[in-house]
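Undergrad: Here it is, the structure in full.
The values are calculated or read from the model by the stated rules, or taken from the named source; none is laboratory data. This one's a predicted model, so the numbers in the text were calculated from it and none came from an experiment. Positions of Cβ are generated from backbone atoms using ideal geometry, with glycine treated the same way; all protein chains shown enter the neighbour counts.
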Amino acid sequence: MLNEIGFRFQERLKEKKYDFRITSILRTVGAQSKLGKRNGNAIGHSAHIYGTTLDISYKNFYNTKKVTIESKMEPILAITKVLTDMRKECKLLVVRDRHQSCFHITVVVCRPPINKNN
């Protein structure tokens with residue numbers, strides 16, 4: 001899933017100079033417990049401990065040309081569109097976390113809704 005997100009993200013960019021930033025991925029039970037003490041959103045039993053969930057910043061992106069972290073509209077729109085499309089394809093679930101400025105993404109396997117017009 002992560003490779004597909006990355007591929008689609010790069011395909012959407014006019015200038016291939018941004019990489020998205022993963023802010024969280026696999027956590028141990030101990031790490032989750034510590035995080036829960038300082039972050040109310042970090043519930044006791046997170047999907048992060050199963051290796052099926054990751055967080056990607058929707059605010060800050062790595063500029064590979066300048067070697068800086070930037071908040072620019074082009075990569076924000078690109079990652080938002082990629083995740084929206086993949087959610088519609090039933091490849092993932094995504095929640096926008098406003099406190100942590102990240103998309104909380106979980107892998108899923110499901111069937112897309114049946115379009116009665118086709």
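Undergrad: Looking for whichever is modelled with pLDDT of 95 or more and surrounded by 15 or more Cβ atoms within 10 Å (Cβ to Cβ) here; the options are LEU77, LEU93, LEU13, LEU35. Which one fits?
TA: After applying the criteria, what remains is LEU13.
Undergrad: Going by what's in this entry, would THR23 be described as surrounded by 14 or more Cβ atoms within 10 Å (Cβ to Cβ), modelled with pLDDT of 60 or more and in contact with a Cys (Cβ under 6 Å, 6 or more places away or on another chain)?
TA: So THR23 passes the test.
Undergrad: Being surrounded by 12 or more Cβ atoms within 10 Å (Cβ to Cβ) and farther than 21 Å from ASN3 by Cα is the filter; apply it to the range 96-118 and report the residue that is modelled with the highest pLDDT.
TA: Within the range 96-118, the match that is modelled with the highest pLDDT is SER101.
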